[in-house]
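The values are calculated or read from the model by the stated rules, or taken from the named source; none is laboratory data. Because the structure is predicted, anything quoted here is derived from the model rather than measured. Neighbour counts are summed over all protein chains in view; Cβ atoms, including those assigned to glycine, are modelled from backbone coordinates with ideal geometry.
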Amino acid sequence: MNPILNKIGTIFIPVMNVEEARDWYCDILGLKADGEILSGHLYIVQMNGTGIVLDSKIYSEDTIFKTPLFHFNTNNIEQAYEYLRSKNVELTTEIEHHHWFNFKDPYGNLLMVCKC
């Protein structure tokens, strides 16, 4: 039996300012930004499924996501696109193939939304 599970536990996202990142990510995900900052540089975003940890200790221009390492799911790609546009999020693509689009967080990490 393999001791390594075929399950992703969490994804660490490099951010310059963990408090600002907490507020931004919680805002776009519709979550309360009331969790604790751990060790002065970590914030665990309360997700359904695979977790996200915002980490200001690992941030540098070299560590930001230049390609999406994961995607956020949506049931309605058009609504998701308009929602992020209404929040003045930097959209880096249009909706592609009626299925996905990319955007950036305030620190330059390239992220994706994909219709599930």
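Could you please give the count of residues in segment 48-62 that are in a loop (DSSP other than H, G, I, E, B) and either surrounded by 15 or more Cβ atoms within 10 Å (Cβ to Cβ) or in contact with a Pro (Cβ under 8 Å, 6 or more places away or on another chain) (or both)? Give the derivation first.
So in segment 48-62, the residues in a loop (DSSP other than H, G, I, E, B) come out as 48-50, 56-62.
With either surrounded by 15 or more Cβ atoms within 10 Å (Cβ to Cβ) or in contact with a Pro (Cβ under 8 Å, 6 or more places away or on another chain) (or both) added as a condition, the list becomes 56, 58-60.
Matching residues across segment 48-62 total 4.
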* Asked: Here are some residues: ILE77, ILE58, ILE64, ILE52. Which one is among the hydrophobic types (A, V, I, L, M, F, W, C), in contact with a Ser or Thr (Cβ under 9 Å, 6 or more places away or on another chain) and modelled with pLDDT of 95 or more?
  -> ILE52
* Asked: Of all residues in segment 29-41, how many are more than 24 Å from ASN73 (Cβ to Cβ) and touching a strand residue (DSSP E or B) at 6+ places or on another chain (Cβ under 9 Å)?
  -> 4
* Asked: Looking at (1) without any contact (Cβ under 8 Å) to a residue 24 or more places away in the chain; (2) assigned by TED's automatic domain parsing to the domain that holds THR92, which is the one condition that is false for GLN46?
  -> (2)
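Just one of LEU38, LEU29 is within 14 Å of the chain's Cα centre (by Cα) and modelled with pLDDT of 95 or more; which is it?
LEU29
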* Do we have any residue at all in segment 70-90 that's part of a strand (DSSP E or B), surrounded by fewer than 18 Cβ atoms within 10 Å (Cβ to Cβ) and charged (D, E, K, R)? -> yes
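When you scan segment 77-84, do you find a residue that is polar (S, T, N, Q) and over 18 Å from THR10 (Cβ atoms), even just one?
Step one: of segment 77-84, the residues polar (S, T, N, Q) are 79.
Of the ones still in play, those that are also over 18 Å from THR10 (Cβ atoms) are 79.
Yes, some residue in segment 77-84 is polar (S, T, N, Q) and over 18 Å from THR10 (Cβ atoms).
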* Residues in segment 1-52 that are over 18 Å from MET112 (Cβ atoms) and among the aliphatic types (A, V, I, L, M): how many? -> 11
* Structure fact -> For segment 1-42 the number of residues that are touching a Ser or Thr at 6+ places or on another chain (Cβ under 9 Å), surrounded by 14 or more Cβ atoms within 10 Å (Cβ to Cβ) and assigned to a strand (DSSP E or B) is 3
* To do: Only residues in segment 92-109 that are over 17 Å from GLU20 (Cα atoms) count as the first member; pair them with residues that are among the basic types (Lys, Arg) and at pLDDT 95 or above, Cβ under 8 angstrom, at least 6 apart or cross-chain, and list the lot.
  => THR92/LYS104; HIS98/LYS115; HIS99/LYS115; TRP100/LYS115
